[in-house]
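Worksheet: one structure, shown below.
The values are calculated or read from the model by the stated rules, or taken from the named source; none is laboratory data. None of the values given here were measured: they were computed from a predicted structure. With ideal geometry, Cβ positions are generated from the backbone for all residues, glycine too; neighbour counts draw on all protein chains shown.
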Amino acid sequence: MINFNLKQLFQNIIFLTHSGRPLDAINQKVSLFLLIVLLPFSLFMTGCGGGGTTTATETYRNTIEGIYGTEYNNQVGLAQIKAVTLNNYGHNGSGVKVAVVDTGIASSHAEFGRTIYGRDFGGSTNGYGSDENGHGTHVASIIAGVRDGSGMRGVAYEATLYDYRVANDAGSLVGLNNKIPVFNQHVADNIKVSNNSWGTPNAEINEYSEATLRYYYPNTILAAKNAVNNGTLFVFAAGNDGAYHSNVWGGLGYRISELTDAWLTVVSVDPNNKETIYTNRCGIAASICVTAPGGGDSQSTKGIYAADNDGGYVRLSGTSMAAPHVSGLAAALMSKFPSLTNKQIATRIKTTSSLENLASSSGRTLASHGKAYMQSVFGHGLVNATAASTSIGSLNMGTGSNIFSGSKIDLSKSKMQLPSGLSASIKRAILADEFVAFDSFDGAEFIVTGNTVFEDKYNNQNIVLLGYFADARDENVQIGQKFSYTNTSLGELRGMNWNISQGNSEVSLASTNYWGEKASLIARPNFFTSTPTSQLNMKIPYSETLSLGAFIQAPDTHGDIRDRTGFGLALDWAPTDRSSLHSSISSIDTNVSLAATNNLASQMTNADILNLSFKHKVNKGFEIFGSLSHYGIGDIAASPTAFGISNAEYTSKTLGAEFVSESGSKYSIGVFDSGTMAKGSVAFQTATGRSTDGTISYQTKEYSNGSGYFNKDNMALFFAGSIPINYKGSKNSIFSYNYQSIPGNSLGRGQIGVQISHVF
């Protein structure tokens, strides 16, 4: 093996363009190509030197405000890859282990400010955490230089750095004579991103077949495969030979299928997004190749500003500088998407990279020379942190056990539903809360608000209008038989009414029948499903002003025999000729509509119902009325597709006035609450994230009710009328109309209904 003094060796290195034109000699302290002899290949640093290079809440913070803006502006590559959006939401590589396979890292530099782990593979005197050359320090700071308001900062400024030093004291990369221990260490340390700003100069991947590579490097490939299988994403510099193809190590993933999906090679553009004259192109390895800022051809003014090993800063250019931008992006994405695999992160980076606004060294663009040509130069294109960190495709709400194979809801097509009977305060809490959704591209997790997930079913669909035409409850059929019996204890004759009633009322029919034709002016509870029900009702007049009753009811359908089965007691009292009061208490097995998806059946529970109602005729043409129904509802367990309730109390109420003209026209006005949870809590099982295999984890979110029984947010206004029309001498036609507002909205929003009916 031949060792070289790097600083002396590269003072007179000359870069070559694709056509062989020389550039200015490099006089900076850099290590462009670190030469060693290794089997058929020589390993070099392809970077420096004159041509070197979903579930916690996302809280926004401006990472470039004040002094932090200065350090951001110093490292112009951050703006080129649009890293600020990702960083502003706290995704900065925290907890992600990044290995820098390089000359070392000067851990005492202010840009690191934290423990640097690692291992010395080069046999140096000072070991890892030191760097006599400066190349590795520069690269490491591009990845993870701290955000401290001075100097510059890295893309993933809170990543955990591992210094895999492969250089000896003289700067030779002796640690890469045998790469097997280096790659094996990735597994031992559980490295997630490996930055490799080194390669083989003048050895392009197109020159070596898969068979040749497997023949010479079977164990090296195996070690790299093991690291990939353990979750490592490898990022390599493409090389600084100005060649048409990536160097052999950067392109290794193209030839070796086991490595392909977790192997990226990186080419370089200058601050103007123009191909640098020194960079290798992607060539045949375009499928695993992306583009990143590497500094301009004149590195003294256009190089990437980053840490030097003497405690200061230096500008350097090369694909060595481009690669750590991608490594930092990968680490930041891993901190945002901890459930995504190394291969999924690589795919996301490639998919969101763009060829737009890029130009070759000769000025060729996508518009002028097409996609195929631009891919041969830039691969997938310039990496874009903003695009990579946002959802790709549609967002899905997981409702099954696995986001890839289980049930889910595409939120771009339909939202989940909020039950209509929730109070306004609970609805606001749910719609303002945060939930985890998964995109359709790779199941990446995103935090979204309830407004993205749910729609208020009550506010987005027609509800039953209160009015003279709007309710089927006046179509109840009653079959009655009156008979007498002798009550020996009282010694007098009492009459008893037996009735069979049928209807769809969500309250007891005994209460509904009390209202007669005015039943359609009483708010019907929308928390419960409608089921045709038959009722046997017994009414016992106790006196001229008081009667008692009892009833049993059962469903008319042949479904669940429990549905709408119940019993109750009723009391009617008329203290004056103009006033009447009604009360009932009942217990009914019923279906409660808590489903969050349209195709889900209601859940069976028990409801204990108390109804209090009154009517008072002020005069011949004016009557006031009111009704309050109170429900105690049995507990229901929450699921990912339906809400649950506990200790729930539910009310529906109406207060109104009716005017009747001598011509028979009727008008009504009033306020109502068609059904609202007044007490108790509602719960929903929502995703907290997923594992790498797609298995969704859930938690139960509970929302307690604080609105009380009479909250103005739950009340709405109604106005209705019914006008007989004299048609050919008869009043067989009726014109009916209705307006009603929507609870929780201004009175200017609501629903209008109009109907004309005629009996022929």
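Looking across the stretch 581-603 at every residue that is among the hydrophobic types (A, V, I, L, M, F, W, C) and surrounded by fewer than 22 Cβ atoms within 10 Å (Cβ to Cβ), the one that is nearest to residue 637 (Cα to Cα) is identified as 595.
If we keep just the residues of the stretch 285-300 that are assigned to a helix (DSSP H, G or I) and touching a strand residue (DSSP E or B) at 6+ places or on another chain (Cβ under 7 Å), which is nearest to residue 246 (Cα to Cα)? Per the criteria, the residue is 285.
Of all the criteria given as (1) under 24 Å from residue 180 (Cβ atoms); (2) buried (at least 24 other Cβ atoms within 10 Å of the Cβ), the one not satisfied by residue 97 is (2).
Note on the stretch 418-465: among residues that are part of a strand (DSSP E or B) and more than 17 Å from the chain's Cα centre (by Cα), the one that is modelled with the highest pLDDT is 418. Scan the stretch 670-708 for residues that are over 30 Å from residue 404 (Cβ atoms) and loosely packed, with under 15 Cβ neighbours inside 10 Å and the total you get is 3. Of the residues making up the stretch 579-622, those that are over 18 Å from residue 676 (Cα atoms) and among the charged types (D, E, K, R) are 589, 615, 617, 620. The residues in the stretch 144-162 that are polar (S, T, N, Q) and surrounded by fewer than 20 Cβ atoms within 10 Å (Cβ to Cβ) can be counted, and the count is 1.
If you go through the stretch 103-121 and keep only what is buried (at least 16 other Cβ atoms within 10 Å of the Cβ) and at positive phi, you end up with 104, 118.
Among the residues of the stretch 371-417, those that are among the charged types (D, E, K, R) and either out of contact with any strand residue (DSSP E or B) (no Cβ under 6 Å at 6 or more places or on another chain) or part of a helix (DSSP H, G or I) (or both) comprise 371, 413. With the condition kept exactly as written, say whether any residue in the stretch 219-226 is at positive phi and buried (at least 22 other Cβ atoms within 10 Å of the Cβ). Among the residues of the stretch 219-226, not one is at positive phi and buried (at least 22 other Cβ atoms within 10 Å of the Cβ), which makes the answer no. Return the residues of the stretch 580-616 that are touching a Gly at 6+ places or on another chain (Cβ under 6 Å) and of a type in the set (Gly, Ala, Ser); say none if nothing qualifies. Those that are touching a Gly at 6+ places or on another chain (Cβ under 6 Å) and of a type in the set (Gly, Ala, Ser): 584, 586, 587.
Evaluation of residue 314 against the conditions (1) within 25 Å of residue 389 (Cα to Cα); (2) part of a strand (DSSP E or B) shows that the sole unmet condition is (1).
If you check residue 663 against the conditions, is it outside the structural domain of residue 468 (by TED's automatic domain parsing), among the small types (Gly, Ala, Ser), modelled with pLDDT under 90 and within 20 Å of residue 720 (Cβ to Cβ)? Taking the combined requirement at face value, the residue satisfies it.
Regarding residue 84, is this residue hydrophobic (A, V, I, L, M, F, W, C) and either outside the structural domain of residue 197 (by TED's automatic domain parsing) or surrounded by fewer than 20 Cβ atoms within 10 Å (Cβ to Cβ) (or both)? Against the criterion (hydrophobic (A, V, I, L, M, F, W, C) and either outside the structural domain of residue 197 (by TED's automatic domain parsing) or surrounded by fewer than 20 Cβ atoms within 10 Å (Cβ to Cβ) (or both)), residue 84 qualifies. Among the numbered criteria (1) part of a helix (DSSP H, G or I); (2) surrounded by fewer than 24 Cβ atoms within 10 Å (Cβ to Cβ), which single criterion is violated by residue 331? Unmet condition: (2). Kindly check whether there is at least one residue in the stretch 606-626 that is touching a Ser or Thr at 6+ places or on another chain (Cβ under 7 Å) and β-branched (Val, Ile, Thr). The answer is yes; a qualifying residue exists. Candidates in the stretch 604-632 are the residues that are surrounded by 18 or more Cβ atoms within 10 Å (Cβ to Cβ) and aromatic (Phe, Trp, Tyr); of these, the one that is nearest to the chain's Cα centre (by Cα) is 631. The residues listed here are 126, 168, 190, 177; of these, the one that is in contact with a helix residue (DSSP H, G or I) (Cβ under 9 Å, 6 or more places away or on another chain), assigned by TED's automatic domain parsing to the domain that holds residue 331 and surrounded by fewer than 23 Cβ atoms within 10 Å (Cβ to Cβ) is 168. For the stretch 54-76, the count of residues that are modelled with pLDDT of 85 or more, touching a strand residue (DSSP E or B) at 6+ places or on another chain (Cβ under 9 Å), assigned by TED's automatic domain parsing to the domain that holds residue 249 and surrounded by 20 or more Cβ atoms within 10 Å (Cβ to Cβ) is at least one. Has the stretch 682-691 got any residue that is part of a loop (DSSP other than H, G, I, E, B), under 30 Å from residue 339 (Cα atoms) and either modelled with pLDDT of 85 or more or not assigned by TED's automatic domain parsing to the domain that holds residue 343 (or both)? Checking the stretch 682-691: at least one residue is part of a loop (DSSP other than H, G, I, E, B), under 30 Å from residue 339 (Cα atoms) and either modelled with pLDDT of 85 or more or not assigned by TED's automatic domain parsing to the domain that holds residue 343 (or both). The set of residues from the stretch 68-97 being of a type in the set (A, V, I, L, M) and under 21 Å from the mean Cα position of the chain (by Cα) comprises 83, 84, 86. A single member of 371, 413, 408 is surrounded by fewer than 22 Cβ atoms within 10 Å (Cβ to Cβ), within 26 Å of the chain's Cα centre (by Cα), basic (Lys, Arg) and farther than 30 Å from residue 709 by Cα, and it is 413. Restricting the stretch 426-445 to residues that are crowded, with 20+ Cβ neighbours inside 10 Å and not aliphatic (A, V, I, L, M) leaves a set whose member that is nearest to residue 528 (Cα to Cα) is 427.
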